[in-house]
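> Structure in structure tokens, see below.
Bear in mind these aren't lab numbers, they're just calculated from the coordinates by the rules spelled out. Keep in mind the model is a prediction, meaning the values are calculated, not measured. Cβ placement follows ideal geometry from the backbone for every residue including glycine, while neighbour counts extend to all protein chains displayed.
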Amino acid sequence: MAFLSVERVSKYFPILAGATARGREAVFCVFKDVELRLAKGEFVTLVGHSGCGKSTLLNIIAGFEQASTGGVILDGKEVTDPSLDRMVVFQSFALMPWLSAFDNVRLAVRAAHPRWDKARVREETHRYLDMMGLQGAESKKPALLSGGMRQRVGLARAFAVQPKVLLLDEPFAQIDALTRGVIQEELVRMWTATQHTVFMVTHDVDEAILLSDRIALMTNGPEARLTECVEVNLPRPRSRETMIDTVEYIRLRNYILHFLMRGSRAPTAHDPQPAARQGPWAQATPLSATPSASVLDQAENTVNTSRTV
Amino acid sequence: MDAPPPIRLPQAQQRSWIISLSLLGVGVLLWHLATVRPAFDPQGLTADQLQKMEFNGDIVRTDDGRYISNPEKVQGIPGPWAVVKKAVAEFAEPFHKKGANDHGIGHLIRYTVTRFAVGFLSASVVAVLIGVVIGLSRTLYRALNPFIQVLKPISPLAWMPLLLYTVQHPTWTAILVVFMASLWPTVANTAFGVSTIRKDYLQVASLLQLSWFQRLVRVVLPAAAPTIVAGLRISFGSALVAVVPAEMLLGELGVGYLTWIEWNNLHIAGILFAILVVGIVGVIMDAGFNRLARLVTYTE
């Protein structure tokens, strides 16, 4: 059985009063019958256009929202409320602006380990801040940190809780292109070291290929469907430099872009089978700890592909 | 050659001081000019008239036989010098007690500040609690809003007869008037601040499974703190406005009542002095608020 499984989840929103279409139900279907299964330690990314309900699905997994039909099962238990076993990394960072970087992470460590004494909490907080390269920024308030540094704090906070699943909601969308690549590599490094299960939502195809084991593709909304899951058979460790010239990378990228373009023209909502593929699944090979690609190369290669569609 | 340029105050800061001081100087000068009395000129007055004026105390005869205006008898508004003299006299013995109504200015300030502090602080605690509760629950907010809207515009002084009748003690009545005056702005601002907290902060709180109390102390209150302090500040102003008439009407000794005492003495310089003291006490207390506001504000 899968570690995290999304079982035939649909989401309906009531249509706002005044906008009711004559003779139609006053509900709006965001997505329907989404099925997705993640093995333990797997990194799966959901790619789709804005408005297809990617973030809504992530919110349902996080427990912020309830599925209209279907449900989410994590490690044999149904997800109903937000909890410490599913930490979210927000696009908006969601750091408490009145707390320093250190206190933001400490708040999470203390919540995850209520029985620890102060010294131990402090030690653990330092450990995760150091892992994300935040030495020297501990006492700064988020307002004084760059977007990249803020998301490092966000990642440190999420990892520090040691959740069963890490949910990343377009975590790099608000970070400048130069920094994005560096943090992506750091995320991979942390993920390799901790072997977390990660579910990420993004509209950046390059980012998805660089980071994921599998990429789930969602058609356009309304009534969006998760129609395909693409395996990323690129060897790890991956770096943009070495990756972008490989045939497999180009094939994948073109495939996904074609899918997104198709999806943007006509709704393929009545696709018969929800095609989340399950089955034997190869564990990723461990990554070396040092980021290899140079910052400039990544900047050149960071193209926000979905916007070009 | 590479010596760093001398550090100077920002120009705006320098200029604002210069403008403030010169406005004060011009104001005091105009006040002085408007209130200065011309020297008494006896020309054209008969000896009879002069005698009558002396008898009335309008003029006095000096040792060398000339008539001058009586410096003891004040006509019109006293000038700045009279107020300064009054202030010097009052601050010379700030803690005297010469009878029921004649307490030193130090005592009067203490009475007012104590009365104010008790009313304001207790109202703030109550108001923040109410504000948090209705800010967190949309249902309660809607249920209580009509009551708040009706009660809010009522002048705190309008409560006074009822309060006096109920608690039957002027000291407590004055405190309760201050309480009523400082309640509503804080309630309204706290409810607003709490209900408009950014959703992500609350989502983080729920991810971390913080208890209701932890969530309140670690997330809700700090997030709403700037708005709450803004509300406290409005309350503070309205309470300071209410404390003066409350003291006057109830005959409770304090800087507010001092203006009334001086009016009863027909001592206009004393009234002006009392007004200035109220203003200065307000400024000092407000400076404390500035500090508090700086402690809790954050930039996103």
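> Among the residues of segment B:234-257, are any part of a helix (DSSP H, G or I), away from chain A (no Cβ under 14 Å) and either touching a strand residue (DSSP E or B) at 6+ places or on another chain (Cβ under 9 Å) or polar (S, T, N, Q) (or both)?
To start, the set of residues in segment B:234-257 that are part of a helix (DSSP H, G or I) comprises B:234-250, B:255-257.
Pick out the ones that are also away from chain A (no Cβ under 14 Å) and you get B:234-250, B:255-257.
Filter again for either touching a strand residue (DSSP E or B) at 6+ places or on another chain (Cβ under 9 Å) or polar (S, T, N, Q) (or both), leaving B:235, B:238.
So far as segment B:234-257 goes, yes, one or more of its residues are part of a helix (DSSP H, G or I), away from chain A (no Cβ under 14 Å) and either touching a strand residue (DSSP E or B) at 6+ places or on another chain (Cβ under 9 Å) or polar (S, T, N, Q) (or both).
> Cβ-Cβ below 6 Å, separation at least six or inter-chain, first residue in segment A:120-145 and away from every other protein chain (no Cβ under 14 Å), second among the basic types (Lys, Arg): which pairs?
A:Met132/A:Arg152; A:Leu134/A:Arg152
> Given the conditions (1) in contact with a helix residue (DSSP H, G or I) (Cβ under 7 Å, 6 or more places away or on another chain); (2) not in a loop (DSSP other than H, G, I, E, B), and given that B:Pro42 satisfies all but one, which numbered condition is not satisfied?
Just one mismatch for B:Pro42, condition (2).
> For A:Val79, state whether it is out of contact with any Leu (no Cβ under 7 Å at 6 or more places or on another chain), surrounded by 16 or more Cβ atoms within 10 Å (Cβ to Cβ) and within 27 Å of B:Val296 (Cα to Cα). Steps first, answer last, please.
Details: out of contact with any Leu (no Cβ under 7 Å at 6 or more places or on another chain): yes; surrounded by 16 or more Cβ atoms within 10 Å (Cβ to Cβ): yes; within 27 Å of B:Val296 (Cα to Cα): no.
Criteria not met by A:Val79.
> Here is a check on your reading of the model: is B:Thr139 touching a helix residue (DSSP H, G or I) at 6+ places or on another chain (Cβ under 9 Å) and on the phi < 0 side of the Ramachandran plot?
On the way: touching a helix residue (DSSP H, G or I) at 6+ places or on another chain (Cβ under 9 Å): no; on the phi < 0 side of the Ramachandran plot: yes.
Spelling it out, it is not the case that B:Thr139 is touching a helix residue (DSSP H, G or I) at 6+ places or on another chain (Cβ under 9 Å) and on the phi < 0 side of the Ramachandran plot.
> Still on this model: Residue by residue through segment A:220-243, note down the ones that are assigned to a strand (DSSP E or B) and either small (Gly, Ala, Ser) or closer than 15 Å to A:Val205 by Cα (or both). Break it down stepwise before answering.
Our first condition is that a residue be assigned to a strand (DSSP E or B); within segment A:220-243, this holds for A:224, A:226-231.
Listed by number, the residues that qualify are A:Ala224, A:Glu228, A:Cys229, A:Val230, A:Glu231.
> Got at least one residue in segment A:81-93 being among the acidic types (Asp, Glu) and farther than 23 Å from A:Thr202 by Cβ? Lay out the reasoning, then the answer.
In the first step, residues of segment A:81-93 are kept if they are among the acidic types (Asp, Glu); the result is A:81, A:85.
After this cut, where a residue has to be farther than 23 Å from A:Thr202 by Cβ as well, the list is A:81.
Scanning segment A:81-93, I find at least one residue that is among the acidic types (Asp, Glu) and farther than 23 Å from A:Thr202 by Cβ, so the answer is yes.
> Which of the following residues is of a type in the set (A, V, I, L, M), surrounded by fewer than 22 Cβ atoms within 10 Å (Cβ to Cβ) and in contact (Cβ under 8 Å) with a residue 60 or more places away in the chain: A:Ala173, A:Ala216? Steps first, answer last, please.
On the way: A:Ala216 fails: surrounded by fewer than 22 Cβ atoms within 10 Å (Cβ to Cβ).
Exactly one residue qualifies, and that residue is A:Ala173.
> Looking at segment A:107-115, can you tell me whether even one residue there is closer than 19 Å to A:Thr227 by Cα and more than 10 Å from chain B (Cβ to nearest Cβ)? I'd like the intermediate steps shown before the answer.
Initial filter on segment A:107-115 (closer than 19 Å to A:Thr227 by Cα): none.
Checked against the condition, which is being closer than 19 Å to A:Thr227 by Cα and more than 10 Å from chain B (Cβ to nearest Cβ), segment A:107-115 yields no hits at all.
> Only residues that are out of contact with any helix residue (DSSP H, G or I) (no Cβ under 7 Å at 6 or more places or on another chain), in a loop (DSSP other than H, G, I, E, B) and surrounded by 14 or more Cβ atoms within 10 Å (Cβ to Cβ): list them for segment B:69-95, please.
The one that is out of contact with any helix residue (DSSP H, G or I) (no Cβ under 7 Å at 6 or more places or on another chain), in a loop (DSSP other than H, G, I, E, B) and surrounded by 14 or more Cβ atoms within 10 Å (Cβ to Cβ): B:Asn70.
> Then there's this: Of the conditions (1) crowded, with 17+ Cβ neighbours inside 10 Å; (2) assigned to a loop (DSSP other than H, G, I, E, B); (3) free of Cβ contacts under 8 Å to residues at least 40 places away in the same chain; (4) of a type outside the set (D, E, K, R), A:Pro114 satisfies every one except a single condition; which number is it?
For A:Pro114, the exception is condition (1).
> Looking at B:Ala225, B:Ala230, B:Ala205, which one is under 30 Å from B:Tyr298 (Cβ atoms) and more than 14 Å from every other protein chain (Cβ to nearest Cβ)?
On the way: B:Ala225 fails: more than 14 Å from every other protein chain (Cβ to nearest Cβ); B:Ala205 fails: more than 14 Å from every other protein chain (Cβ to nearest Cβ).
Being under 30 Å from B:Tyr298 (Cβ atoms) and more than 14 Å from every other protein chain (Cβ to nearest Cβ) holds for just one of B:Ala225, B:Ala230, B:Ala205, which is B:Ala230.
> What about B:Val187, is it surrounded by 19 or more Cβ atoms within 10 Å (Cβ to Cβ) and within 14 Å of chain A (Cβ to nearest Cβ)? Full working, then the answer.
Details: surrounded by 19 or more Cβ atoms within 10 Å (Cβ to Cβ): yes; within 14 Å of chain A (Cβ to nearest Cβ): no.
No, not satisfied.
> Look through segment A:139-198, keep the residues that are part of a helix (DSSP H, G or I) and touching a Gly at 6+ places or on another chain (Cβ under 8 Å), and return whichever of them is farthest from A:Val44 (Cα to Cα).
Looking only at segment A:139-198, we keep the residues that are part of a helix (DSSP H, G or I), and these are A:142-144, A:147-160, A:177-194.
Restricting the remaining residues to those that are touching a Gly at 6+ places or on another chain (Cβ under 8 Å) gives A:152, A:179-180, A:182-183, A:186.
Working: A:Arg152: 20, A:Thr179: 22, A:Arg180: 19, A:Val182: 20, A:Ile183: 18, A:Glu186: 17 Å.
Residue satisfying both the conditions and the ranking: A:Thr179.
> While we're here: Are there any pairs, at least 6 apart or on different chains, whose C-beta atoms fall under 7 Å, with the first in segment B:257-282 and within 15 Å of B:Ile109 (Cα to Cα) and the second not in a helix (DSSP H, G or I), and if so, which?
Partner pairs satisfying both residue conditions: B:Tyr257/B:Gly251; B:Ile261/B:Asn101.
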